[in-house]
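Read-outs: derived from the displayed coordinates by stated rules, not from any lab. None of the values given here were measured: they were computed from a predicted structure. Neighbour counts are summed over all protein chains in view; Cβ atoms, including those assigned to glycine, are modelled from backbone coordinates with ideal geometry.
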Amino acid sequence: MIDTHCHLLADVDDGPRSDAESLRLARHLAEEGVTTAVCTPHFSERFPTPRVVAADRHERLRRELDAVGIELETRLAAEVSVPMALEAELERLEGRAMGGRFVLVELVRDTSALSALSVCARLLAAGLVPVFAHPERCAAVQADPGLLDGARDEGAWVQIVAPSLAGRWGSGVWSTAWTLVESGRADLLASDAHRVTASSPQLAAVAALVEQRCGRARREELTETGPRRLLRGA
């Protein structure tokens, strides 16, 4: 599997607080069958993670993974807030993109439909592609699961996260997430992992649920072929 949304870097946002926690999470992902993890530290008003800091933490993580023999390929990107996606210089967004042009944009509960569509318009006009992270948590999408259909028609991608499909965020998020997956409106499934805890939903287990409900081809599309295309910049 390829995990396209993971807070793996230590001491930059609300993810691991130490290198040891970061390594535990990396080992956990590798044991689940993740071969590549995209490190997506927040780039937001609360966590305005400088690119140079993220790059330094990523290089340090790579050294530690190699030193202890954890076989996990990693890439560096970011999870961009809607205000940053609308206001930050385009060069700063491009520098945080996956595959050179895919920008992971965080939708939260109170993100408005207008804001999401404005992000889509701005990024696409600049040759960048929005990847909307966990839209199932957004009240506007819960009210209308087809809200992002037009954006997807223009080229945007939709990423569902494992905790939502596991029911961690409540029934409204759970039902919307499964609607997006089963209706073909989701393009990616990711962990959104922050650290290893006993209650953390397992990406492999959730992927197995997707296969059970939607078939093997759909599971592979969300966790393998789709992410592979994204990292190639397709």
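Of note:
- When Cα Rg over 2.2 N^0.38 Å is computed from the coordinates, the matching label among [x] 0.98; [y] 0.93; [z] 1.21 is [y].
- Cut-off under 5 Å, modelled amide H: who pairs with HIS42 long-range: ASP14, GLU79
- For the chain, the Cβ-based charge dipole about the Cα centre amounts to some 180 debye (Lys, Arg positive; Asp, Glu negative; other atoms uncharged).
- Gyration tensor verdict on region 72-168 (Cα atoms; rounded if a/c is under 1.5, prolate if a/b is larger than b/c, oblate otherwise): oblate
- A simple count of charges around ALA186, restricted to other residues whose Cβ falls under 10 Å of its Cβ and scoring Lys, Arg +1 and Asp, Glu -1, yields -1.
- Put simply, when 225-233, 107-115 are sorted by average Cβ atoms within 10 angstrom per residue, most first, you get 225-233, 107-115.
- The mean sequence distance of close C-alpha pairs (under 8 Å, at least 6 residues apart), as a share of the length of the chain, puts its relative contact order at 21 percent.
- Centroid-to-centroid separation of region 158-200 and region 24-77 [C-alpha atoms, Å]: 21
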